[in-house]
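The values are calculated or read from the model by the stated rules, or taken from the named source; none is laboratory data. Source: prediction; values computed, not measured. Virtual Cβ from ideal backbone geometry, glycine too; neighbours counted across all protein chains shown. Keep in mind that these areas ignore ligands, DNA and RNA; they rest on the heavy atoms of the full protein, side chains included. Shrake-Rupley method; radii C 1.70, N 1.55, O 1.52, S 1.80 Å.
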Amino acid sequence: MDIQTLKLNLSRVFDDKLRTKQWHNILDYTIIGLIIISTLEVFLSTYSSIVEQYGKWLHFIDYFTTIFFTIEVTLRIWCADLLDPKYKGFMGRVRYCFSFYGLIDILSTYPFYLHFFMSVPYMALKVLRIARLLRVFRYMKAFSILSRAFTAKKHEMVVSLQFLTIVTLILSFILFFVEHEAQPDVYNNGWKSVVWSFAQYIGDPGGFADTPPITFVGRIIACIIGILGIAIFAVPAGLIGSAFTEVMEKDEKEEKVQGWIRSIVQSFKFLKDQQHTNLFYVPRYLPLDRILTRKYITHDQIVEAVQASDCLHIYNLQDSVNEIDNPVSNIVLINYVKNKPYGCCIDRGSRITIICTSGTTEPVTGWFAYHIAKLGNFNFVSKEIETDIDNPTTYYTISDVNNCPNLSLFLEDINHFASRENSWVIPILAATGPKSRPHQIHFCYNPTKGDTSYDNPNSKVTDFVTFDKLYQSLSTELDNRYGYKSDKNIWYAVSKQNVAHYIKADNIFTMRVEAFVWLFDNRFLETTKCIADTFHAVLEPEKEQIVPPEMLTRIKGHDFGMKDYVD
């Protein structure tokens with residue numbers, strides 16, 4: 001297991017959800033159990049008789065749990081960026097440390113070591129250990145509901161509190177003016193009346209405002225303040241009560257939606273390409289009506305599921321066909337995998353990185369690009385998440401690097417792969433030319449359309465010998481086997497907004513493929529494998545090419561959706 005895989009698995013444990021996956025559950029409940037044991041140890045250590053008889057065991061529990069939680073908290077800080085992108089980098093980790101649970105983690109763990117370096121009373125540090133019990137709230141649904149209820153109504157509560165505060169201040173000043181004449185020694189300034197008014201809301205437990213009004217108007221004001229005192233508790237209680245109902249209804253709806261998502265994903269059962277490659281694969285897409293008729297989920301429910309999901313796209317295949325060819329509307333669902341805020345990133349230790357820049361607007365292109373990377377054992381990076389649905393951003397035509405919050409991470413991950421010696425980065429995009437177009441596979445490497453030379457100083461390819469070998473080899477294979485024709489920079493070029501201008505790889509070229517190649521030709525998987533095999537043979541022949549085991553054998557119960565398919 002590599003470092004990134006370990007980090008990803010740890011982040012799934014530290015997301016504070018009691019999962020159904022066995023080893024995640026074991027770790028979650030181990031953490032909860034040790035928190036309870038640690039708290040119990042602190043409580044028992046307050047009994048001198050127990051300390052005299054079992055002191056060694058209590059000290060052992062104390063040291064063991066502290067060391068365990070030190071390791072756990074340190075790993076939480078390390079994985080914080082995968083829990084939430086705002087915790088990325090050094091300052092992000094600092095931000096995590098000052099979050100509610102982050103601060104509790106640190107205060108209940110790290111101060112233990114201070115007594116080794118300075119004369120701090122050990123028992124004083126041990127008191128901080130009690131705060132560790134608050135960490136159990138992470139796993140408690142009731143506390144989560146309470147927290148969300150407060151958050152949902154915090155603005156209404158602030159408004160009501162502001163109103164009550166202002167009204168109370170006004171009444172306090174009126175009280176001063178009417179009581180000052182009757183009790184000049186008691187109400188000798190406005191502060192006394194303000195203190196008396198606000199003290200009534202908490203019952204004046206200290207008796208420091210035991211100066212009741214004696215005038216008729218003053219007593220009326222006291223009655224009003226008494227009524228407001230009831231409102232101070234009644235209004236927030238009503239708001240929180242309604243928020244509880246709303247949150248629980250929302251949770252119930254989310255459970256239903258998650259059930260729809262699971263049902264849809266389970267429809268993507270592995271298929272076998274018996275006619276050509278004899279390999280198993282996840283379906284490229286499923287017609288919307290098939291989900292409707294087989295899963296008994298309505299169109300509206302399917303749309304809700306897709307909107308709430310981070311693994312489903314809805315797409316009209318009509319958008320992949322040129323208008324000249326009279327496309328027919330065909331709404332389909334696509335299943336993808338997400339392990340990064342922007343989409344998917346897989347490191348297979350290769351010098352070759354396949355990227356999909358437009359998974360939202362060209363979702364089936366992501367399937368095609370992923371399988372080239374999977375069958376060739378190449379790295380894979382795909383943009384699948386749209387942060388602004390009203391202003392979608394394709395990472396292939398970048399107008400502003402700051403336009404999309406996930407773009408910097410997307411480029412950072414690609415550049416990490418591109419930093420490897422003799423690297424090749426290959427964006428895969430769809431083309432939607434008419435069927436009459438003479439070429440189906442388009443290689444783009446120069447900024448000028450029609451420029452097929454190898455001497456353009458602005459070209460993104462430096463090793464033209466290898467590139468030409470790849471072009472000739474792949475062109476011949478695709479033509480001889482499938483009748484697909486290839487071109488270089490005839491129909492497309494590398495524009496100034498191309499993602500290639502933001503990547504520092506040794507060699508970059510874009511391969512645009514007419515969408516019907518993987519949408520409507522039943523040789524789509526064989527074509528994909530042909531491209532992957534040629535990329536491997538020419539660009540990375542020294543690395544062993546292994547067919548993924550999940551494509552060779554379908555394991556019952558683990559044979560549906562990209563989650564069972566992505567390595």
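Report, in debye and to the nearest 20, how large the dipole of the chain comes out about its Cα centre when Lys and Arg carry +1 and Asp and Glu carry -1 on their Cβ. Spell out each step's value before the answer.
Working: 56 positive and 60 negative charges, 170 e Å.
For this selection, approximately 820 debye.
What pairs from 295/435; 256/563; 496/563; 383/496; 88/529 go past 31 Å between their alpha carbons?
Values: 295/435 36 Å; 256/563 20 Å; 496/563 36 Å; 383/496 20 Å; 88/529 37 Å.
Too far apart for the 31 Å limit: 295/435; 496/563; 88/529.
Eigenvalues of the Cα gyration tensor times 5, then square-rooted: what semi-axes does that give for region 158-239, in whole angstrom, largest first? Can you show the working numbers first?
Details: eigenvalues 106, 31, 23 Å².
Listed largest to smallest, the semi-axes of region 158-239 are 23, 12, 11 Å.
Once you charge only the Cβ atoms, +1 for Lys and Arg and -1 for Asp and Glu, what is the size of the charge dipole of region 399-543 about its Cα centre, to the nearest 20 debye? Please report the intermediate quantities before stating the final value.
Values: 15 positive and 18 negative charges, 87 e Å.
The calculation lands at about 420 debye.
With a cap of 13 neighbouring Cβ atoms within 10 Å, and only residues DSSP puts in a loop, list the chymotrypsin sites (Phe, Trp or Tyr not before Pro) found in region 290-377. Don't skip to the answer; put the middle values down first.
On the way: sites: 296, 315, 336, 342, 367, 368, 370; in loops: 296, 336, 342.
When the chymotrypsin sites (Phe, Trp or Tyr not before Pro) of region 290-377 are filtered for loop state and at most 13 Cβ neighbours within 10 Å, 296 remain.
Could you sort 268, 100 by their accessible area in this structure, using a 1.4 Å probe and putting the largest first? Walk me through the numbers before you get to the answer.
On the way: 268 0, 100 120 Å².
Reading off the accessible areas and sorting them downward yields 100, 268.
How large is the convex hull of the Cα atoms of region 516-567 per residue, expressed in Å³ as a whole number? The partial results should precede the final answer.
Working: hull volume 5.5 nm³, N = 52.
Spelled out: Cα convex hull of region 516-567, divided by residues, is 106 Å³.
Quick one: check the C-alpha center-to-center distance for region 411-439 versus region 357-392, whole angstrom.
Cα centroid of region 411-439 versus Cα centroid of region 357-392: 11 Å apart.
In degrees, nearest 10, range 0 to 90: what is the angle between the Cα axis of helix 3-13 and the longest Cα principal axis of the chain?
So the inclination is approximately 40 degrees.
Projected onto the charge dipole of the chain (+1 at Lys/Arg Cβ, -1 at Asp/Glu Cβ, origin at the Cα centre), which of 354, 501, 178 gives the Cα projection farthest towards the positive end?
Projecting each Cα onto the dipole axis, the largest value belongs to 354.
Can you spot the lysines whose alpha carbon is less than 23 Å from residue 153's alpha carbon? Ignore those fewer than 8 places along the same chain.
141, 250, 253
Enter the mean projected area of the convex hull around the alpha-carbon atoms of region 220-324, in nm², rounded to one decimal.
For the Cα atoms of region 220-324, the hull's average projected area reads 12.6 nm².
Taking the Cβ of residue 439 as the center, what net charge do the other residues with Cβ under 11 Å away carry, scoring Lys and Arg +1 and Asp and Glu -1?
Summing Lys and Arg as +1 and Asp and Glu as -1 gives +1.
Size of the dipole of region 229-379 about the Cα centre, Lys and Arg at +1 and Asp and Glu at -1 on the beta carbon, nothing else charged, in debye to 20?
740
Decide, for the chain, between rounded, prolate and oblate: order the square roots of the alpha carbon gyration tensor eigenvalues as a ≥ b ≥ c, take rounded if a/c falls under 1.5, and otherwise choose prolate if a/b is larger than b/c, else oblate. Provide the component values of the computation, followed by the final result.
Values: a/c = 2.54, a/b = 1.97, b/c = 1.29.
It is prolate, given that a/c is not under 1.5 and a/b is the larger ratio.
Mind jotting down a quarter of the surface of the convex hull over the alpha carbons of region 279-318, in square nanometres, one decimal?
Numbers: hull surface 15.0 nm².
Quarter of the Cα hull surface area: 3.7 nm².
If you fit an axis through the alpha-carbon atoms of helix 464-482 and take the longest principal axis of the Cα set of the chain, what angle between them do you get, 0 to 90°, nearest 10?
The answer is roughly 70 degrees.
Straight-line reach from residue 86: which lysines have Cα under 16 Å away, leaving out those fewer than 8 places along the same chain?
Hits, sequence-local ones excluded: 340.
Which net charge results when you count Lys and Arg as +1 and Asp and Glu as -1 among the other residues whose beta-carbon is under 15 Å from that of residue 490? Present the calculation step by step, with values, prior to reporting the outcome.
Values: positive: 437, 449, 485, 488, 512; negative: 451, 487, 514.
Here the count lands on +2.
Just read off the accessible area of residue 253 with the full protein assembly in place, 1.4 Å probe, to the nearest 10 Å².
Its heavy atoms expose roughly 90 Å² to the probe.
Let me make sure I get this right: for region 460-567, a, b and c are the square roots of the gyration tensor eigenvalues over alpha carbons, sorted descending. Under 1.5 in a/c it's rounded, otherwise prolate if a/b > b/c, else oblate. Which is it?
Taking the square roots of the gyration eigenvalues as a ≥ b ≥ c, region 460-567 is prolate.
Any idea what angle helix 141-152 forms with the longest principal axis of the chain, computed on alpha-carbon atoms, 0 to 90 degrees, nearest 10?
80
List the aspartates and glutamates whose alpha-carbon lies under 20 Å from that of residue 56, not counting same-chain residues fewer than 8 positions away?
Those aspartates and glutamates meeting the cut-off are 41.
Decide, for region 364-427, between rounded, prolate and oblate: order the square roots of the alpha carbon gyration tensor eigenvalues as a ≥ b ≥ c, take rounded if a/c falls under 1.5, and otherwise choose prolate if a/b is larger than b/c, else oblate.
Values: a/c = 2.69, a/b = 1.44, b/c = 1.87.
Verdict is oblate for region 364-427.
Please state the Cα pair-distance histogram of region 443-507 with 10 angstrom bins from zero: what percent is in each bin?
21, 49, 26, 4
If you wrap a convex hull around the Cα atoms of region 302-392, how much volume per residue is inside, in Å³?
116
The chain: longest stretch without exposed GluC sites (Glu not before Pro) (DSSP loop, at most 16 other Cβ within 10 Å), sites themselves excluded? Each step should come with its number before you reach the end.
Details: sites that count: 421, 542, 544.
Formally, the longest exposed-site-free interval is 1-420.
What 222 nm value per residue comes from the helices of the chain, counting each DSSP H run with n ≥ 4 as -39,500 (n - 2.57) and dividing by all residues, nearest 500 deg cm²/dmol?
So the calculated ellipticity at 222 nm is -16500 deg cm²/dmol.
Over the chain, with the other protein chains present, what is the accessible area per residue in square angstrom, probe 1.4 angstrom? Don't jump to the answer; show the numbers that get you there.
Working: 28770 Å² over 567 residues.
I get 51 Å² per residue for the chain.
Taking every pair of Cα atoms in region 346-458, average 1/r, invert it to obtain the Kirkwood radius, and report Rg/Rh to two decimals. Can you show the working numbers first?
Numbers: Rg = 15.1 Å, Rh = 15.5 Å.
Expressed as Rg/Rh, it is 0.97.
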